[in-house]
Amino acid sequence: MKKILLIFLLLSSVSFGAIGEKLAWDKGTTLLAFFEQNSLPLKLYYNLSSQDKELTAEIYAGVSYYVLKDDNGDLLQALIPISEDVQIHIYKDDEDYKLDFIPIVYTSVQKILTISVQKSPYQDIIDATSDVSLANEFINAYKKSINFKKFVIKDDKLAIIYTRKYRLGKPFGSPDIKASVIETNKKSNYIFAYKGRYYDKKGKEVAGFLLEVPVNYTRISSKFSYGRLHPILKIIRPHYGVDYAARIGTPIRAAADGKIIYVGVKGGYGKTIEINNGNGIKTLYAHMSSFAKGIHNGMYVKKGQIIGKVGTTGVSTGPHLHFGVYKNNRPINPLGSIRTAKSELKGKDKQEFNKIAQTYMKELDDALEKSSFEDQKSFISIKD
Ligand SMILES: [Zn+2]
């Protein structure tokens, strides 16, 4: 109870001689460095389990975090997100500091946007919502199936069903498109999200990104998980990647073409490389023993190119590659992203997908029908 109250106080910026601050996480800062800057006991960090230490390496540059300090400048509390769902909670309990992973409290609102295209789908979405990430996600989703510049003309109609997260009254994270349609050239082009990927109404994948297994591994020693919330303790332990056990020195290959955006030691991940693979996809390779010769920040690599070797640097219980995949900074299951070709849903997945698709299709059609587009060219409604 005490803990919940404190979080409330921090979040609502109510303070009793205490000062709450919202800050942006500096690039390259590790949690350990944060401990040093705030004179927190380093043993608190060192005593964390290796799983927890690895998780703390997920803090990303630029993320907003909150600290609460007393009059002497001593830290009373900190809330540092490691993803859109989970944050590190550091707090003073009597004289001791404690650290936990707790869920980020947010509300999620489902909306339906309808537009009669005036300038371009991209610009019209931004004009209607001020949501650049939504516009980007929409364009990405259709990129491989429709050439907007060529085929979309003025007064074509589109509708999007999506969810937006709100924290402290402000949107955060990336929007989730559930389904959308664009009517062009008398054809309704639907897409539906299913298990993190987009499909057309027949269940054929439309905007697949293909990743290659980055290492020749002996076994998967730990799978991806968003973590389950402990019902009483309200703590959570996700694992934002797949651990591939492999012998030390086994070559690690880029899972897709891309640009290297990080080479170096990254907290509990040890020697780490991050690659921006385009279209909002980022891959991360951790616990490496060494980087390949000539690998540096800003360079382009090809799918399959050797970028380093398997090791056990950082916090690691044995030699393995921790492989992470992120879509718009949100961790996704790498095993669901590794495909040999664009996939087509089958069996149970197909049945489940068909049900979802039918419901959304009706909602999209209804929304377009209800929008008159006479005076106004776009409408947003909240779906309940
Ligand atoms: Zn791992």
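The values are calculated or read from the model by the stated rules, or taken from the named source; none is laboratory data. Given the structure is predicted, the values throughout are model-derived calculations rather than measurements. Positions of Cβ are backbone-derived with ideal geometry, glycine not excepted, and every protein chain shown enters the neighbour counts.
Between a residue in the range 312-334 that is modelled with pLDDT of 95 or more and of a type in the set (Phe, Trp, Tyr) and any residue that is away from the ligand (no atom under 11 Å from the Cβ) and part of a loop (DSSP other than H, G, I, E, B), which pairs come within a Cβ distance under 7 Å, given they are 6 or more apart or on different chains?
323/214
In the range 231-241, how many residues are within 11 Å of the ligand (Cβ to nearest atom) and in a loop (DSSP other than H, G, I, E, B)?
Adding up the residues that qualify gives 3.
Take the residues in the range 30-56 that are away from the ligand (no atom under 16 Å from the Cβ) and buried (at least 20 other Cβ atoms within 10 Å of the Cβ), then tell me which one is farthest from residue 265 (Cα to Cα).
This residue is 40.
Just checking, which of 368, 364, 321, 335 is assigned to a helix (DSSP H, G or I), under 19 Å from residue 242 (Cβ atoms) and of a type in the set (A, V, I, L, M)?
Matching residue, one of 368, 364, 321, 335: 335.
So how many residues does the range 57-115 have that are in a loop (DSSP other than H, G, I, E, B), small (Gly, Ala, Ser) and either modelled with pLDDT of 95 or more or surrounded by fewer than 20 Cβ atoms within 10 Å (Cβ to Cβ) (or both)?
Matching residues across the range 57-115 total 3.
For the range 221-230, indicate whether the set of residues that are at positive phi and either within 16 Å of the ligand (Cβ to nearest atom) or assigned by TED's automatic domain parsing to the domain that holds residue 80 (or both) is non-empty.
yes
For residue 193, all conditions in the list (1) outside any strand (DSSP E or B); (2) among the small types (Gly, Ala, Ser); (3) away from the ligand (no atom under 16 Å from the Cβ) hold save one; what is the number of the exception?
So the condition that residue 193 fails would be (1).
Testing residue 244 on (1) within 16 Å of the ligand (Cβ to nearest atom); (2) assigned by TED's automatic domain parsing to the domain that holds residue 358, one condition comes back false. Which one is that?
Unmet for residue 244, out of (1) within 16 Å of the ligand (Cβ to nearest atom); (2) assigned by TED's automatic domain parsing to the domain that holds residue 358: (2).
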